[in-house]
Structures are given as structure tokens and as C-alpha cells.
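Below: one structure, written as C-alpha cells.
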Amino acid sequence: MNIVLFGAPGAGKGTQAKQLVKKYGIPQISTGDILRAAIANKTPLGLQAKELMDQGKLVSDEIVDGLVEKRLAEKDCEEGFILDGFPRTVAQAQKLDKILDRLGKKIDKVIELRVSDEEIIERITGRRVSKKTGKIYHIKYNPPVDENPEDLYQRPDDNEETVRNRLKVYKEQTAPVLDFYKAQNKVYSVGGHKEKMEEITQAIVEILEK
Ligand code: AP5
Ligand code: ZN
């Protein structure tokens, strides 16, 4: 099962991807997580990406395409994968089709998580992530339990000003990717507004198993 989890910043891609990893045993490929790991390891790529990410701008297509191409060729992707945060431009989507073609694979379904702008701002400014486990929390909607407060961090791009910029970038550069997949009849939308996280997972599972 080869899936793209699609949606604006804070729509719940990471949260839902982690549930699907547990259920289906296929890996989550988050370009945001890969880039944040490169920043933490102070690699040249990380240093290049950091400034753009902190401003809420996209990293270049060449960089992320290369990261994804390498990751998709790994053995644990053979049974399927969940793309989270990629593709984010139409050029990335076109490149992804070429990469998958070479691997004899294709995207089966694109799940769009729909959430309003106001909800997104609230979600992102309240997000906390565990440094140790990568678990995603929200101070109000999914408060951390059994976590040492020192292990929780707030992403540098999770302030209101940067979120507004990320939303603008999403509307201008990323939303057109949906039309690309609609033309292939692969898009399924799930309302992510004010519903319980488990109910959203259930709705995604129903789509995947249809
Ligand atoms: P990335 O890491 O992909 O960030 P994003 O797309 O902005 O998405 P987020 O991770 O902020 O949100 P999410 O949808 O995963 O939501 P989450 O589950 O955490 O990218 C970061 C940056 O990297 C980009 O800006 C860009 O610079 C660069 N980049 C990455 N990929 C790239 C690419 N392909 N090309 C170019 N550049 C790229 O949930 C958010 C919060 O909401 C959490 O607190 C969670 O607990 C809460 N929540 C989740 N679901 C619910 C619910 N149902 N109800 C209430 N609260 C909820
Ligand atoms: Zn995420």
C-alpha cells in the first residue's frame, strides 16, 4: 500500500501517519523529519535547509527529491510506505511518478486531511514534540503524559508568524498538487476538523481498505 498523506501544516499528517505505521507496519517517510534530522546532525544539507525552514519556505525540489528517491529504494519500503509532507509541489509529484516508475511502483491513494486555517494556527502553536521518541503532542488536545518536560520541544517554525507564511506557501505551491492527483482519480478527503484523532484514523482506514 503506497500512500500520500496530504494536507496543510498542522493538518495531522504526522499524527495519523504514526497510527498507520502501527496498523500496517509500513514506514512513514516525512521529508520534514528527514530535514530536521539533517539540521540536528549539522550536515551541509541541514545547514542549507535550516534558514528556509525557519522562515516557512520550501526547500528546493532537487534536495527533497534526492532524499525521497534514496529512501524509497530502501528495503523496508518494499511492502508499502506512507509519504508525509511530500510531494509538495507539482514538480515533486511529477518527479515522484518517475522515481516510482523506475521502481515498478505507483501511488495507490492520496488522503487529504482538511482543516480550517484558524484550527491550524491553534494546533501548531500548541504542538510539543518529544525529543526522545518523536511523539507528537498538543498542550490542549493531546497533552503529554509520562514525559519529562525537559524532553519536550517546540519546533522553531511553530510560531504564529511562520505558520501564516507556511499556510501561504501551502496555498500557492502545494494545493495544486491535489489537482495533479485528482486527474489520476487518487484523492480521498477526510474532514480533520474538531474530530477525535482516532475517528480520523478510522476514516482513513476505511478509505484504504475500500
Ligand atoms: P513538515 O515537517 O512536513 O511540516 P508541515 O507540512 O508544515 O506539517 P506539520 O508537521 O507542521 O503538521 P502535520 O500535518 O504533520 O501535523 P501534526 O500531526 O504534527 O515540513 C516542515 C518544513 O520542511 C517545510 O516548511 C519546508 O521548509 C520543509 N519541507 C518538508 N518537506 C518538504 C518538501 N517536500 N519540499 C520542500 N520543503 C519541504 O499535528 C499538528 C498538531 O495538531 C499537533 O500538536 C497534534 O497533536 C495536533 N492534532 C493532530 N490531529 C488533531 C486533531 N484531530 N484534533 C486536535 N489536534 C490535533
Ligand atoms: Zn508533520
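Taken together, the values in this text are just the output of simple stated rules run on the coordinates, not laboratory data. Predicted, not measured: the structure shown is a model, and the values here were computed from it. Counting neighbours? That spans all protein chains shown, and the Cβs are built from the backbone with ideal geometry, glycine included.
Below, the figures for the structure above:
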{"item": "Mean separation of Cα contacts under 8 Å, 6 or more apart, over the residue count of the chain: relative contact order %", "result": "30 percent"}
{"item": "Relative compactness, the range 52-151, computed as alpha-carbon Rg over 2.2 N^0.38 Å", "result": "1.33"}
{"item": "Debye intensity ratio in log₁₀ form over the Cα atoms of the range 1-120, taken at each q of 0.09, 0.14, 0.22 Å⁻¹", "result": "-0.24, -0.60, -1.41"}
{"item": "Trypsin sites (Lys or Arg not before Pro) restricted to DSSP loop in the range 73-120 with at most 14 other C-beta within 10 Å", "result": "LYS106"}
{"item": "Taking only Cα atoms of the range 88-197, radius of gyration then Dmax in Å", "result": "16.9, 47"}
{"item": "Fraction of the pair-distance distribution of the range 28-95 above 20 Å, Cα-Cα pairs, percent", "result": "26 percent"}
{"item": "Rg/Rh ratio calculated on Cα atoms of the chain (Kirkwood radius)", "result": "0.93"}
{"item": "Beta bridge orientation in the chain: antiparallel %, DSSP, nearest 5", "result": "25 percent"}
{"item": "Cα-based reach from LYS186 at 21 Å (exclusive), listing lysines while leaving out same-chain residues under 8 positions away", "result": "LYS13, LYS95, LYS98, LYS105, LYS106, LYS109, LYS171, LYS210"}
{"item": "Helical mean residue ellipticity (222 nm; -39500 (n - 2.57) per DSSP H run of 4+; nearest 500) of the chain", "result": "-14000 deg cm²/dmol"}
